Amino acid sequence: MQLFDYKEKQPTPALLTTSSGQPVHVSQMRVAGKNFLNNPFVFESIKHEAMSKRPDREVLAKATGAHGYFEVTSDVTMYTKAKVFEKVGKRTPVLARMAISQIDVGASDLYPVTGKGLSFKMYTEEGNFDLLGLNIPVYFYKDPILFRDFLHSFRPNPKTNIRDPTSQLDFITRNPVSLQTMLWVFSEFGLPRGFRHMNAFPMHTFELYNNEGQSYFVKFSFITELGYKSFTLEESSAIAEYDPDLFMRDIYNSIENGNYPSWRLDMDVLSTSDLSKVNFDPFDVTRLWPNGTFTTVQVGRFVLNRNVDNHYAEVNQAAFNPTNLVPGILEPPDELFRGRVIAYHDSQNNRLGINPNKIGVNCPFYARTYNRKGTPPVLDDEGDAVSYPFNSFNGPVPYEDQSRPVRQLDIYQENTADLAGCKRFYNEVTATDEQKQRMIDNMANVSLRVEHSVIERFVALLESVDEDLAARYVNTLDELKRRVTLPQVVEDLDPVKLNPYRKY
Ligand code: HEM
């Protein structure tokens, strides 16, 4: 389809050149019988392809993206002075990136038990404002050191390069703090019917302040305006076979057809006085705020109405960073966020160089800094502007704002797991029998190849959450083991039998 569109725009072929603009002679197109080192066109073509791959993101690598806008739908000026939210009807251009975790580029979107990302970059007049969300409202852990450990347990074994569900369940039993999020991921909420039908949550508690300097504490949510819908396990395994790129295709086609995906931006709010009264840690990303403790305010909506022209330039090279906030919105004070402050810069410097914000898609409307040089692009590098701050030559100066809180919260968090939250999830969120069984079927599928002692520990953990959950899991797994008889050819290839280090 895209190929035919191109042909329509380009009725006759254009002249081919090298990257430095010299026309390419037809004899340069093939090497046969010639010394190709004397053929800069061939040399450049091979070299460029060989060196074209930059590192992918370590997490959420496979993705799609689109442009659109954010529109304010309610007056929220009592909570924040951020100009992006300053009046009802105001629109701000937006880039969205939608991604799937735990899989590499090229793998199937329907790979079981993955998280999905939905991030928005709002190009505001006060700088880029990025909100990064995942499709589940609680996070796997609150201690940033677990970033590495969690990923390692879910990644292929470093020796064999084979995924090992034993290490995944082992991680959960050794870090019960991650159980609640895993229950969400195993449940229907882990398998939305494409990005358009999923909600997403930035999870941290941000401090907002208004023009009078009053603070509020908020959690943002992106709520799909199409209504949440999920795939059944049968549907997803059937689709995985014939359309591994379904999530990506669905977004592209819906925008091309004028069915623009959209999400409401809501925020759950606690005032400063609420904060001193609650009996839970409102900054703990592994827990939900209990119903009845907060008010929900609608802020606006995101609409995606334009596909990108170049995936590499506009999606792969996009750099979303949770520290990209604007005046009126302060950094969340929790420990996990502090871990993220380091990680995104490092990852983006590693894959894009030291000037990621000078790459077209990341450029804010306005930026004046004292940084100079670095890996390309350097653009005009501020021309002849003075290159050190606090100078006598009218170099850029910082702004002043009397309403910005002078003190920010400094919090110390407990290292406890919210198993009561897991019980509430099992009994209240997966409320019906069918919902419970679906989650347990998923857990049992993953557990089929898990080493016995780890299963025992996992069952003990589930028992400490809810007896019924543990009993159903044991029964479902037993039943599944009885039912699954591998055909001979698969048995011959069974990794357990081939791997002398593993036993069941
Ligand atoms: C210690 C905690 C965390 C660390 C160290 C971490 C680190 C990272 C890194 C290094 C990237 C790749 C960035 C890039 O190269 O562009 C990334 C991407 C991402 N992270 Fe995190 N992360 C953490 C927690 C979270 C949380 C709590 C959320 C959700 C609320 C989240 C959502 C995302 C999303 C959606 C992306 C993909 C962004 C895109 O589409 O480019 N992360 N994370």
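The values are calculated or read from the model by the stated rules, or taken from the named source; none is laboratory data. Everything numeric here is computed off the predicted structure, so don't read it as measured data. Reconstructed Cβ throughout: ideal geometry from the backbone, glycine too, with neighbour counts over all protein chains shown. Ligands, DNA and RNA are stripped out before the accessible areas are found, and what is left, the full protein with its side chains, is counted by its heavy atoms. Shrake-Rupley method; radii C 1.70, N 1.55, O 1.52, S 1.80 Å.
Of all residues in the range 193-220, how many are open to solvent by 10 Å² or more (accessible area, probe 1.4 Å) and part of a helix (DSSP H, G or I)?
Qualifying residue count for the region: 2.
Could you list all residues from the range 8-31 that are within 27 Å of HIS311 (Cα to Cα) and surrounded by fewer than 10 Cβ atoms within 10 Å (Cβ to Cβ)?
Passing the criteria: GLU8, LYS9, GLN10, PRO11, THR12, PRO13, ALA14, LEU15, SER20, GLY21.
Any residue that is free of Cβ contacts under 8 Å to residues at least 24 places away in the same chain and either outside any helix (DSSP H, G or I) or within 16 Å of the ligand (Cβ to nearest atom) (or both) - is there at least one of those in the range 221-228?
There is no residue in the range 221-228 that is free of Cβ contacts under 8 Å to residues at least 24 places away in the same chain and either outside any helix (DSSP H, G or I) or within 16 Å of the ligand (Cβ to nearest atom) (or both).
Test SER167 against the criterion of being touching a residue at least 12 places away in the same chain (Cβ under 8 Å) and either in a loop (DSSP other than H, G, I, E, B) or open to solvent by 20 Å² or more (accessible area, probe 1.4 Å) (or both), and give yes or no.
Yes; evaluated as a whole, the condition is true for this residue.
Of all residues in the range 66-114, which are at pLDDT 95 or above, open to solvent by less than 10 Å² (accessible area, probe 1.4 Å) and within 16 Å of the ligand (Cβ to nearest atom)?
ALA66, VAL94, LEU95, ALA96, MET98, ALA99, ILE100, listed by residue number.
Looking for whichever is open to solvent by 50 Å² or more (accessible area, probe 1.4 Å), within 16 Å of the ligand (Cβ to nearest atom) and under 20 Å from the mean Cα position of the chain (by Cα) here; the options are ASN324, ASN362, ASN350. Which one fits?
None of the others qualify; the one that does is ASN350.
Restricting to the range 449-472, give me the number of residues that are under 21 Å from ARG163 (Cβ atoms) and open to solvent by less than 70 Å² (accessible area, probe 1.4 Å).
Of the residues in that region, 6 qualify.
Taking the range 241-258, which residues are in contact (Cβ under 8 Å) with a residue 12 or more places away in the chain, out of contact with any strand residue (DSSP E or B) (no Cβ under 8 Å at 6 or more places or on another chain) and open to solvent by 30 Å² or more (accessible area, probe 1.4 Å)?
PRO244, ASP245, LEU246, ASP250
Of all residues in the range 128-144 being in a strand (DSSP E or B), of a type outside the set (Phe, Trp, Tyr) and more than 8 Å from the ligand (Cβ to nearest atom), which is farthest from the chain's Cα centre (by Cα)?
Selected residue: ASN128.
Residues that are of a type in the set (S, T, N, Q) and open to solvent by 50 Å² or more (accessible area, probe 1.4 Å): does the range 173-187 have at least one?
No, there is no match, as no residue in the range 173-187 is of a type in the set (S, T, N, Q) and open to solvent by 50 Å² or more (accessible area, probe 1.4 Å).
Looking only at residues in the range 337-347 that are open to solvent by 50 Å² or more (accessible area, probe 1.4 Å) and within 8 Å of the ligand (Cβ to nearest atom), which one is nearest to the chain's Cα centre (by Cα)?
Residue satisfying both the conditions and the ranking: TYR344.
Consider ARG306 against the criteria (1) without any contact (Cβ under 8 Å) to a residue 60 or more places away in the chain; (2) surrounded by fewer than 18 Cβ atoms within 10 Å (Cβ to Cβ): it satisfies all of them except one. Which criterion is unmet?
(1)
Within the range 49-87, track down each residue that is assigned to a strand (DSSP E or B) and among the polar types (S, T, N, Q).
THR64
I'm trying to understand the selection: among the residues of the range 312-321, which are open to solvent by 10 Å² or more (accessible area, probe 1.4 Å) and within 13 Å of the ligand (Cβ to nearest atom)?
Residues satisfying the conditions are GLU314, ASN316, GLN317, PHE320.
Name every residue in the range 281-324 that is modelled with pLDDT under 95 and either among the small types (Gly, Ala, Ser) or outside the structural domain of ALA82 (by TED's automatic domain parsing) (or both), in order of residue number.
GLY292
Please verify whether the range 147-156 includes one or more residues that are touching a residue at least 60 places away in the same chain (Cβ under 8 Å) and of a type in the set (A, V, I, L, M, F, W, C).
Yes, that holds for at least one residue.
For the range 89-99, does any single residue satisfy the condition of being part of a loop (DSSP other than H, G, I, E, B), out of contact with any strand residue (DSSP E or B) (no Cβ under 6 Å at 6 or more places or on another chain) and not small (Gly, Ala, Ser)?
No: the range 89-99 contains no residue that is part of a loop (DSSP other than H, G, I, E, B), out of contact with any strand residue (DSSP E or B) (no Cβ under 6 Å at 6 or more places or on another chain) and not small (Gly, Ala, Ser).
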